[in-house]
1. Among the residues of the range 22-67, write down those that are among the small types (Gly, Ala, Ser) and either within 20 Å of the chain's Cα centre (by Cα) or surrounded by 12 or more Cβ atoms within 10 Å (Cβ to Cβ) (or both).
2. Run ASP16 past the list (1) surrounded by 13 or more Cβ atoms within 10 Å (Cβ to Cβ); (2) acidic (Asp, Glu); (3) at pLDDT 95 or above and report the number of the one that doesn't hold.
3. Residues LYS47, LYS85, LYS42: which one is closer than 21 Å to MET1 by Cα and among the charged types (D, E, K, R)?
4. Please work out if ALA87 is outside the structural domain of ILE25 (by TED's automatic domain parsing) and loosely packed, with under 13 Cβ neighbours inside 10 Å.
5. Among the residues of the range 47-98, how many are on the phi < 0 side of the Ramachandran plot and assigned to a strand (DSSP E or B)?
Amino acid sequence: MHIRKNDLVIVSAGKDKGKKAKVLIVYPEKSRALVEGINYVKKYERKSQKNQQGGMVQKEMPIHVSNLSIVCPKCNVAVRTGVTKLADGTKTRICRKCQEAV
């Protein structure tokens, strides 16, 4: 999967198109990611110990990774990433435009 936790991403499709945010959790088996402040929905929650009031609550829901693009820290635009080996043998992701590590 090309997106990981703590990546800065931009939404390329959907109601939040164009917004930049940080990835909180990645669900690789479902190809989805929970992104901070993106894909809010209103859900009804019952009264509980945690939520004494109950009622309608706004919460973030996971978004499909095909609708997300990584933002390069140097270019500051949505980019595709590649993988390269460093001199010490470890693999790292790089920006396809500027060849800088993401």
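The values are calculated or read from the model by the stated rules, or taken from the named source; none is laboratory data. This structure is a prediction, so every number in the text was calculated from the model and none was measured. Glycine also receives a Cβ, built like all others from the backbone with ideal geometry; neighbour counts cover every protein chain displayed.
1. Passing the criteria: SER31, ALA33, GLY37, SER66.
2. Just one mismatch for ASP16, condition (3).
3. On the way: LYS47 fails: closer than 21 Å to MET1 by Cα; LYS42 fails: closer than 21 Å to MET1 by Cα.
Answer to the selection: LYS85.
4. Details: outside the structural domain of ILE25 (by TED's automatic domain parsing): yes; loosely packed, with under 13 Cβ neighbours inside 10 Å: yes.
Yes.
5. 23
So that you can scan it fast, the table gives a plain yes or no per residue for (1) of a type in the set (Lys, Arg); (2) closer than 21 Å to MET1 by Cα; (3) modelled with pLDDT of 95 or more:
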residue: LEU24; (1), (2), (3): no, yes, yes
residue: LEU34; (1), (2), (3): no, yes, yes
residue: VAL57; (1), (2), (3): no, no, no
residue: HIS64; (1), (2), (3): no, yes, yes
residue: GLY89; (1), (2), (3): no, yes, no
residue: ARG96; (1), (2), (3): yes, yes, no
